[in-house]
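Okay, structure first, notes after.
The values are calculated or read from the model by the stated rules, or taken from the named source; none is laboratory data. Worth saying up front: this structure is predicted, and the values here are computed from it rather than measured. Glycine also receives a Cβ, built like all others from the backbone with ideal geometry; neighbour counts cover every protein chain displayed. Note: accessible area is taken over every heavy atom of the protein model, side chains too, but ligands, DNA and RNA are not part of it. Shrake-Rupley method; radii C 1.70, N 1.55, O 1.52, S 1.80 Å.
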Amino acid sequence: MSPLKAIQDVTDRIAARSATTRRDYLDRLDFARSQGVHRSALACGNLAHGFAACAPSDKAKLAGDKALNLGIVTSYNDMLSAHQPYETYPALIREAARSIGATAQVAGGVPAMCDGVTQGQPGMDLSLFSRDIIAMATAVALSHNMFDAAVYMGICDKIVPGLMVGALTFGHLPAVFIPAGPMPTGISNDEKAKVRQLYAEGKVGRAELLESEAKSYHSPGTCTFYGTANSNQMLMEIMGLHLPGASFVNPNTPLRDALTREAAVRALSLTDQGNNYTPIGHVIDAKAIVNGMVGLLTTGGSTNHTMHIIAIAAAAGLQVTWEDMSDLSQAVPLLARVYPNGMADVNHFHAAGGMGFLIRELLEAGYLHEDVKTVWGDGLAGYTVEAKLIEDKLSFEPSPEVSGNPRVLTTAKEPFSANGGLKVLSGNLGKSVIKVSAVKPENRVVEAPARVFHTQEGMQAAFKNGELTGDVVAVVRFQGPKAVGMPELHKLTPQLGILQDRGHRVALITDGRMSGASGKIPAAIHMTPEATDGGAIAKIRDGDMIRLDANEGTLTFIGDEREFFSRTPATEDLRSSHFGMGRELFAGFRALVGTADKGASVFG
């Protein structure tokens, strides 16, 4: 089925807006392709360095002009549970490459920080900036120009977007992204959230809290809630950069290993030396980006992608706006309920039919572009399958006709909601985004007095001291990218949730971020302009009446606007947040970073 008018309109708008920048990007891609892989042009000393550590049989291949060489860009470390399985992947990939007469080398590693470890800690101030560091590290890895194609190993929050930006900078190279999959299901996400709330109220101690957390995050693999990491995997599959059905297969299983080997073989089949040249710069176009946004909206994915998708698109010469996302959200139904948008986790989503079922439903109803390039071939219909091992051979079978659990994954004819999970809020306070898919309808409109804080610790202290006892719009400012790097403020969720459960009208406004796992509190996040830029959020005072209306998409100060805008913006001495845990090294990033609605990137 052809895309619905609302989908096509946004696609056409992006393509028209991006005509010049996209043409320039494709011209650079063509030029890079014309230069070729320079192994044969390298001086003998350069080339000898390039294969010095290889096995003898690989050295012989790399010394010639014909054998293909696959670059591996890895984000492995064994502190981050989602990335620990990657330890064994290079050996699998080399084995797969050799099986078809090619070679593979680890081109380089990129950093991979765990937002779960750094939540509420100084290290969180580096989290968003790490995306652009990862992009640059990817460029360093590939700059050796020894490779005909590349595979990218990344899962978590900033790693996949950073790898994408880096890969698109080398847009003439074919690229396949290789996931590692989620850990098996532990205790329910709802039970975990309840224990966190009890801890915030002082009703359980640290021992009980740690026991609960350890039962939730308990083994190698991605955290099982639907936050940024799992939203990343959905995006890679629906945009055609994973193998079909690869996103949510558990680690350390025969099927997972078979998919990894096949990904390597597939990447090598897409090079300029063959008849199926498919570089990543051709895969990621306006249609693919719109497909990614539709996937994000229909699954109630992470708010972090309101910045990451913009940055990824820009790396491909495409200009995407929050308004594009908001307009799509009005047209795209919600088809998945995965925590925090429901009680299920991503393992339940996968078991119910997963990505194959979801993509088929969206295609048949006209919400996706089918006529796209993917690493699996032309057309997104090739992704309406699930991966299986049949007699020890990798097979791709049609996805189930009926959802295995309609409470987790539903059809386009019977959606959980007629609209997607994200909205743009605008008004006299500026622009922000809100994730509404997990907010109950009765909590989507809040009009209450403001209580202003300059740190999340300040709000936590006020709650602990019993200062928050009624309806409130908590304003947490000086958390934007220029101020302190735009940390996630996920630790505010339990306190605000308690206030809401007590029957109060509660909302949050911040120029910082909330975790992709945040849910039931209406939160206007990524406020632009931020407080450090003198935005209206810097003029809010305690007691000001603020109205957040997620239904209408508005966020407004209620009162004398002339008096409000005549106020001198608040300031804050942020020097103590600019050193320690490496933050002093990122002064240049804070100076260069763009606004949230432009992707919060240092690349302009």
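Each of the peptides 179-185, 83-89, 241-247 was scored by the mean count of other Cβ atoms within 10 Å over its residues; in descending order, highest first, they stand as 241-247, 179-185, 83-89. Cross-linked pairs 5/423; 192/423; 158/194; 194/464; 423/491; 203/491: Cα-Cα separations exceed 25 Å for 192/423; 158/194.
For region 507-604, averaging the sequence separation of C-alpha pairs within contact (under 8 Å, six or more residues apart) and dividing by the residue count gives a relative contact order of 20 percent. Amide H contacts of residue 479 (H built 1.01 Å from N, in plane; Pro and chain starts excluded): 511, 512, 531 sit under 5 Å, all sequence-distant by 5 or more or on other chains. Each residue of region 301-313 was assigned a 3J(HN,Hα) from its phi angle through the Karplus expression (A = 6.51, B = -1.76, C = 1.60, θ = phi - 60°), giving x, 5, 5, 4, 6, 5, 9, 5, 5, 4, 5, 4, 4 Hz with x at Gly and Pro. The listed peptides 168-176, 491-499, 561-569, ordered by packing as a protection proxy, come out as 168-176, 491-499, 561-569 (highest mean of other Cβ atoms within 10 Å first).
Can you give the FRET efficiency for residue 552 and residue 44, using 1/(1 + (r/R0)^6), R0 = 56 Å, r = Cβ-Cβ distance, to the nearest 0.05? Walk me through the numbers before you get to the answer.
Values: r = 68 Å, r/R0 = 1.22.
It comes to 0.25.
3J(HN,Hα) along region 4-18: 4, 4, 4, 6, 5, 4, 5, 4, 5, 5, 5, 4, 5, 4, 9 Hz, from the Karplus curve 6.51 cos²θ - 1.76 cosθ + 1.60 with θ = phi - 60°, whole Hz, x for Gly and Pro.
Between the amide H of residue 104 and those of 70, distances stay under 5 Å, these residues lying 5 or more places away or on another chain, with hydrogens modeled in the peptide plane.
Between the C-alpha center of region 353-378 and that of region 384-447 there is a gap of 14 Å. Peptides 466-474, 29-37, ordered by how many other C-beta atoms sit within 10 Å of their residues on average, highest first, read 466-474, 29-37. Here residue 139 and residue 561 are evaluated by their C-beta separation; at R0 = 51 Å the FRET efficiency comes out at 0.65.
The residues of the chain have, on average, 37 Å² of accessible surface per residue, using a 1.4 Å probe with all protein chains present. Counting only DSSP H runs of at least 4 residues, each contributing -39500 (n - 2.57), and dividing by the residue count of the chain, the helix-based mean residue ellipticity at 222 nm comes to -11000 deg cm²/dmol.
Suppose R0 equals 35 Å; then what is the FRET efficiency for residue 545 and residue 2 from their Cβ-Cβ distance, rounded to the nearest 0.05?
Details: r = 47 Å, r/R0 = 1.34.
For residue 545 and residue 2, the calculated efficiency is 0.15.
Residues in region 504-513 carry Karplus couplings, in order, of 8, 7, 9, 8, 10, 10, 7, 8, x, 10 Hz; the curve used is 6.51 cos²θ - 1.76 cosθ + 1.60 with θ = phi - 60°, and Gly or Pro positions show x. Fully extending the segment from residue 591 to residue 414, taken as 0.36 nm per residue of separation minus the present Cα-Cα distance, adds 58.9 nm. Scanning residues 5 or more positions from residue 157 or on other chains, those with amide H under 5 Å from its amide H are 115, 229, with H placed 1.01 Å from N in the peptide plane.
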